[in-house]
Amino acid sequence: MTNRTGNTTTTERQLIRKMPANWWLKKPAYLRYMIREMTCLFVGGYAMFLLMLAARLDKPEAFADLLASPLAIALQWIALPMAIYHSVTWFNLTPKVLVIWRGEDKLPGFLIAGAHYAGWLAVSAGLIYFAMSGGTDG
Amino acid sequence: MGSSDSTCLSHDILIVGGGGAGLRAAIAIGEENPDLTVGVISKIYPMRSHTVSAEGGAAAVIQSSDSHDHHCYDTISGADWLADQDAVETFVEEAPRELLQLEHWGCPWSRNPDGTVAVRPFGGMKIERTWYASDKTGFHMLHSLFQTAIQYDNVTRYDEWFATKLLIEDGRCQGVAAVELGTGQVRAIGGKGVIMTTGGAGRIFPFTTNAAVKTGDGMALAYRAGVALKDMEFVQYHPTGLPGTGILITEASRGEGGVLLNKNGERYLANYDLGEAVDVNDERHPVKRTMELGPRDRLSQAFELERQKGNTLQGEYGDYVHLDLRHIGEKKINKKLPFVRELCQNYVGIDPVHELIPVRPVIHYMMGGIDTDLQAATSLPGLFAAGECACVSINGANRLGSNSLTELLVFGARAARSAVRFAEQNSTINKQAITAQATQEQTRIREQFFQPGKGTETIASIRVDLNRALEQGAGIYRTEESLQTACDQVRELKERYKSVELADHSLTFNTELIAVLELGSLLDVAEAVTHSALQRRESRGSHQRSDHAERDDEQFLKHSLAYQTDGNPRIEYSDVSITRWPPGDRVYGSK
Amino acid sequence: MAASESQTATETMKLEVFRFLPDEGELPNFQTYEVPYRDDWVVLDALNYIKDEIDGTLSYRWSCRMGVCGSCGMMVNGEPKLTCSAFLRDYYPNQIKVEPLNYFPVIRDLIINMDQFIDKLGEVKTWLIPAEEKSVDEGEYLQTPAQLAKYKQYTMCINCMLCYSACPVFGQHPDFLGPAAIALGQRYNLDSRDGGADERADVLFSNEGIWECTFVGECSEVCPKNVDPAGAIQMAKVTATNDWFKGLLMPKGKKKSGGDQ
């Protein structure tokens, strides 16, 4: 139930411009977006790696071997910056998804993103503390 | 030009112009009788229409402290008693319902803390009654109307079609000939009732708030068809436009407390019989109907007199004064005047929170237009008009700020109702005859503009000369001599127009063709403006004659009616309707 | 045009302008024009200069020249811009390349076909569907400033189409509803007076609606009116997800989407 159009122009004579395959190289923002999307492969890869480690929890030697294998070390070196890039880009976008109103004003974006960063730091610090203290026990 | 299609398009009601008035009319028909088909012809996409640029607000009585009589009096005294008082009373009475209706259609009106609609004061108002959507009222109104209109499937939109001629058969308007920009075809589009809502013609002047599309096309179509253009000499200067671009700085900036300063930093309006300057920090400021909240004509004239005294500043784009909003503060400016701030930052590179805004009077609105009665009907059966292209008249010699947005709703809806009644009684369209007329129109356009080698003139040169003629001859202050010169120049330009040749002979989206047709409209409107002004030997509202400085009710408490002839237009006069407010002095500021 | 004749321009700059004339059967090409340089001119002023003084056949749309009518969007050096707000001084002395907005069919020169967008508005139902019927005679729907603030940002869309030409998803899938149409749908969904969210859900929360969006985010970057369509879409995704879970947990109690979040 909407308006009709009286226009008789057809698209036949119009120029349709194809999007170039390398469109994502045309603008730095697009490239950053593609990298952001790509980083999920490494985040996923690292998750697989964690699962493999988990499967070896009852076999300390196999666990250590896997952790120390050159491939695993390489993966961790690559996955770390990728995961950081992934987290930072997504955390920076959180104000768009999560909007908190206080009367007529939005809570400023930096507070929303800041809260995520703070949470990230707190969890990381907690994990490090756990890992370090766990280390002295064992 | 290709061959015209033999099939005739037709609708029950045809609306020419897709701005506020046209869309309001379209919705009114959709609401009133969904069985009727409606065609909306617009030379641009409807949401691009100039209604979009209106900033400050729309007037209607809503506060209990206000009254219809107050609104009537403000409008009539603002109009220097040239408004038809029966029309004003009807307008004032129907105004609140129209704005409420728009609220029900989703218009994001600014609100009071309790959720009711908020109002602000405007120039020439006893009591604040201007509804607003921050400072983009016209934008929000137009988009609300457009988005509401989309849902009606009895409406056919002809987006980017340009009407070139009214098609008259059996003494009644039965449609228009229009060129479809996309294909270059001229087609007949029939309508049992035809409504003109094509807006004003500010582009006859060089320095205007008006968008490029404001070329008076509907006025010219009616004028050529023998309908009178009424009160065309009354052209409103808005006191605060940005020098150079002519971009409007809304009156709401003064409604919110902004003040005008000359080069010495003085609030010079105090010297022009507009009341006393109350300190900006005094809680009484801004005092209504006083100083910066005086009517637009008086403020623009004060600028001109101040300029003659040498008290204005000189800039690259002419003389200017300052609009000072600094005391309003960042928070309130962001909330109530965000667009003003954005425009100043983008186009002047200054921030009104901390700096003074350079402003000068700028052509803004045509009080005159197609002569209509209270039912929006013209003298040509089947033709109706509403909005700025029409003259009912509620605006008289000077329109009160924020009446125009309301006017296009009230009279857009009234025109729709009238056209529906007319269409019920006149149910036939002579399709064969109007199709033949459209074919002739196509031939005329091709022969006039697409003959290689005949042209010696360019569109731009004629337009620039026309703009100069109007600015020099028919500006804020006019004389017999200046107007006579302008009349002669317009006559010459109309001759030169016959020798325009286009560089573009293409059928697909030929914007040069549209530009030359628009130029034709401008020339006809300019002719009516200059001749009506020449004949009115008095000063009233926006029409100030240095050689006839007083208002002359005996001779000129009358509407002028300009009729096109082969030579100069014939100017006739008609009575002004006076109901309860006999002509009196316009008093602004305390006695 | 802003030009006053008092100032004579001695400096010039070059504009490389996309041309496409279907009547001539020519392939699209670029034409270079030399225009006077003025520091207060915008790209639109330069185009108007070309049209008036050099080449009357150049076709483009414009009207208000104050950034509110939405007509004059074009690609300026590869970026979608309102040409009435893109100043020459930001490019001078380099050449400026002007093209029609990306991803839309070109009718001629710098003029794109945007009819599909208005059809999309119709599909989304971008009009107020009242939550409760109330006659006009009963007065306005009450709406507090805080309720107004929740959707006001999305009413600011001028339909200029810059967001579409920044959206690679739209570039690949022209049927994608796209940033502006979705933001306008959200505008009504978030309006306290509106109760039409369920009616809009089928179109808005479809694969050609919000789920097509991969959050490139450039739509919000290029928006001249800070509408933030990317934000609107992501918020709609949250709402749609919540609705889906609610529907899963309470299949019969599934009601009220969008309105409050």
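Exactly one condition in (1) away from chain C (no Cβ under 14 Å); (2) crowded, with 16+ Cβ neighbours inside 10 Å is not met by residue A:97; state its number.
Result: residue A:97 passes all but (1).
Pick out, from region C:133-239, the helices (runs of 4 or more DSSP H) lying fully within it that include 2 or more residues that are in contact with a Gly (Cβ under 7 Å, 6 or more places away or on another chain).
Correct list: C:162-165, C:179-189, C:197-204.
Return the residues of region B:17-44 that are touching a His at 6+ places or on another chain (Cβ under 7 Å) and buried (at least 24 other Cβ atoms within 10 Å of the Cβ); say none if nothing qualifies.
Passing the criteria: B:19, B:38, B:39.
Taking the condition of being at pLDDT 95 or above and among the polar types (S, T, N, Q), how many residues in region B:6-35 meet it?
Summing the residues that are at pLDDT 95 or above and among the polar types (S, T, N, Q) in region B:6-35 gives 1.
Looking only at region B:291-306, decide whether some residue is hydroxyl-bearing (Ser, Thr, Tyr), modelled with pLDDT of 95 or more and under 30 Å from residue B:418 (Cα atoms).
No - not one qualifying residue is present in region B:291-306.
Are any residues in region C:240-253 outside any helix (DSSP H, G or I) and either of a type outside the set (Gly, Ala, Ser) or at pLDDT 95 or above (or both), and if so, which ones?
Across region C:240-253, the qualifying residues are C:250, C:251, C:252.
Within region C:86-102, can one find any residue that is under 16 Å from the mean Cα position of the chain (by Cα), facing chain B (nearest Cβ under 9 Å) and within 19 Å of residue B:45 (Cα to Cα)?
no
With the requirement that a residue be polar (S, T, N, Q), more than 9 Å from chain C (Cβ to nearest Cβ) and part of a helix (DSSP H, G or I), what does region A:1-48 give you? Break it down into steps so the answer makes sense when it comes.
Initially, region A:1-48 is screened for residues polar (S, T, N, Q), giving A:2-3, A:5, A:7-11, A:14, A:22, A:39.
Those still in the list that are more than 9 Å from chain C (Cβ to nearest Cβ) too: A:8, A:10, A:22, A:39.
Within region A:1-48, just A:39 meets the criteria.
Please give the number of the condition residue C:49 fails out of (1) over 30 Å from residue B:457 (Cβ atoms); (2) away from chain A (no Cβ under 14 Å).
Among (1) over 30 Å from residue B:457 (Cβ atoms); (2) away from chain A (no Cβ under 14 Å), the lone unmet condition for residue C:49 is (1).
Among the candidates B:345, B:375, single out the residue that is in contact with a helix residue (DSSP H, G or I) (Cβ under 6 Å, 6 or more places away or on another chain) and either surrounded by fewer than 24 Cβ atoms within 10 Å (Cβ to Cβ) or modelled with pLDDT under 95 (or both).
The match here is B:375.
Mind checking which residues of region C:103-132 are more than 16 Å from the chain's Cα centre (by Cα), of a type in the set (Lys, Arg) and either in a helix (DSSP H, G or I) or assigned by TED's automatic domain parsing to the domain that holds residue C:198 (or both)?
Correct list: C:125 only.
Scan region B:70-92 residue by residue and report those that are under 11 Å from residue B:576 (Cβ atoms) and not β-branched (Val, Ile, Thr).
Scanning region B:70-92 gives B:79, B:80, B:81, B:82, B:83, B:84, B:85, B:86, B:87.
Consider residue B:52 carefully, then state whether it is in contact (Cβ under 8 Å) with a residue 12 or more places away in the chain, among the β-branched types (Val, Ile, Thr), touching a strand residue (DSSP E or B) at 6+ places or on another chain (Cβ under 8 Å) and within 13 Å of chain C (Cβ to nearest Cβ).
No; evaluated as a whole, the condition is false for this residue.
Please identify the pairs in which a residue from region A:47-67 that is within 18 Å of residue A:78 (Cα to Cα) has its Cβ atom under 8 Å from the Cβ atom of a residue that is charged (D, E, K, R), counting only partners at least 6 apart or on another chain.
If the second residue must be charged (D, E, K, R), the pairs left are A:66/A:56.
State which residue pairs qualify: first residue within 14 Å of residue B:271 (Cα to Cα) and inside region B:302-325, second residue in a loop (DSSP other than H, G, I, E, B) and β-branched (Val, Ile, Thr) in any location, beta carbons under 7 Å apart, and separation of 6 or more residues or different chains.
B:304/B:476; B:306/B:312
Limited to region B:54-89, what total is found for residues that are assigned to a helix (DSSP H, G or I), surrounded by fewer than 24 Cβ atoms within 10 Å (Cβ to Cβ) and among the hydroxyl-bearing types (Ser, Thr, Tyr)?
1
Given the structure, is residue B:533 in contact (Cβ under 8 Å) with a residue 40 or more places away in the chain and either in the same structural domain as residue B:388 (by TED's automatic domain parsing) or among the aliphatic types (A, V, I, L, M) (or both)? It would help to see each step written out before you state the result.
Values: in contact (Cβ under 8 Å) with a residue 40 or more places away in the chain: yes; either in the same structural domain as residue B:388 (by TED's automatic domain parsing) or among the aliphatic types (A, V, I, L, M) (or both): yes.
Here the answer is yes, as residue B:533 does meet what is asked.
Considering every residue within region C:185-193, establish whether at least one is of a type in the set (A, V, I, L, M), in contact (Cβ under 8 Å) with a residue 60 or more places away in the chain and within 14 Å of chain A (Cβ to nearest Cβ).
Yes; the residues of region C:185-193 include at least one that is of a type in the set (A, V, I, L, M), in contact (Cβ under 8 Å) with a residue 60 or more places away in the chain and within 14 Å of chain A (Cβ to nearest Cβ).
Go through (1) within 14 Å of chain C (Cβ to nearest Cβ); (2) surrounded by fewer than 19 Cβ atoms within 10 Å (Cβ to Cβ) for residue B:484 and report which single condition fails.
(1)
Are there any pairs, at least 6 apart or on different chains, whose C-beta atoms fall under 6 Å, with the first in region B:246-271 and more than 17 Å from residue B:344 (Cβ to Cβ) and the second at pLDDT 95 or above and of a type in the set (Asp, Glu), and if so, which?
Pairs that qualify, where the first residue is more than 17 Å from residue B:344 (Cβ to Cβ) and the partner is at pLDDT 95 or above and of a type in the set (Asp, Glu), are B:262/B:306; B:268/B:306.
The values are calculated or read from the model by the stated rules, or taken from the named source; none is laboratory data. All values reported here derive from a predicted model rather than from experimental measurement. Glycine also receives a Cβ, built like all others from the backbone with ideal geometry; neighbour counts cover every protein chain displayed.
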